[in-house]
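Data block below; observations after.
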Amino acid sequence: MARHDTRMKKTIESANRALVLKAFDTLYNKRNYKAAERYWSPNYIQHSAHIGPGRDGLFDQIKDAPPSLRYEPGVVLADKDFVIVHGRFSGNGRPRPWIAADIVRVAGGVLVEHWDVLQDEATKTESKSGRPMFGKKFPS
């Protein structure tokens, strides 16, 4: 029984991980709002301080973002209904890309809740560790 439960858990977590990555790519990179509606619940709960409430708040923010906006996922962790993506938002109209830890709760095959932690990406000179915040090298 325990072996079956472990496989089931991995299947759910793998599905949630794939769902979140597909949703982020559809919205942030492809800007396909109609298709993105399939991934975000109409009752989506937004906890981010810089995004308006609900699915509309998120979609409106992306509609207002520069066409150069790109999202690049890095490390992705999934545990039951939660997925955390460490990613980079570049071309966002800010002086520097944002490095983000996006925490998403998935239920019923859609994203239902979101939290984030954002930080401007540090340069090599600014990095006390001497290591990049995202990926294996500093952006040029």
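The values are calculated or read from the model by the stated rules, or taken from the named source; none is laboratory data. Please read these numbers as outputs of a predicted model, since none were measured by experiment. Heads up, the Cβs are rebuilt from the backbone with ideal geometry, glycines too, and the neighbour counts pull from every protein chain shown. Side chains are part of the model used for accessible areas, which takes the heavy atoms of the whole protein and leaves out ligands, DNA and RNA. Shrake-Rupley method; radii C 1.70, N 1.55, O 1.52, S 1.80 Å.
F24 meets the conditions (1) within 13 Å of D102 (Cβ to Cβ); (2) loosely packed, with under 13 Cβ neighbours inside 10 Å in every case but one. The failed one is (2).
For (1) among the small types (G, A, S); (2) in contact with a Leu (Cβ under 9 Å, 6 or more places away or on another chain); (3) at positive phi, each residue gets a yes or a no:
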| position | (1), (2), (3) |
| --- | --- |
| V75 | no, no, no |
| V85 | no, yes, no |
| N92 | no, yes, no |
| A100 | yes, yes, no |
| V104 | no, yes, no |
| V110 | no, yes, no |
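When residues in segment 117-140 are screened for being open to solvent by less than 50 Å² (accessible area, probe 1.4 Å) and of a type in the set (G, A, S), 3 of them pass. The residues of segment 112-138 that are in contact with a strand residue (DSSP E or B) (Cβ under 7 Å, 6 or more places away or on another chain) and aliphatic (A, V, I, L, M), listed by number, are V112, V117, L118, M133. Taking the listed residues G74, G109, G91, the one that is closer than 27 Å to N43 by Cα and open to solvent by less than 40 Å² (accessible area, probe 1.4 Å) is G109, with no other qualifying. Among the candidates A35, A100, the residue that is within 25 Å of T11 (Cβ to Cβ), among the hydrophobic types (A, V, I, L, M, F, W, C) and free of Cβ contacts under 8 Å to residues at least 60 places away in the same chain is uniquely A35.
Residues that are more than 12 Å from the chain's Cα centre (by Cα) and basic (K, R) were ranked within segment 52-71; the one that is least open to solvent (accessible area, probe 1.4 Å) is R55. As for segment 93-105, it holds at least one residue that is within 18 Å of R31 (Cα to Cα) and either at pLDDT 95 or above or in a loop (DSSP other than H, G, I, E, B) (or both).
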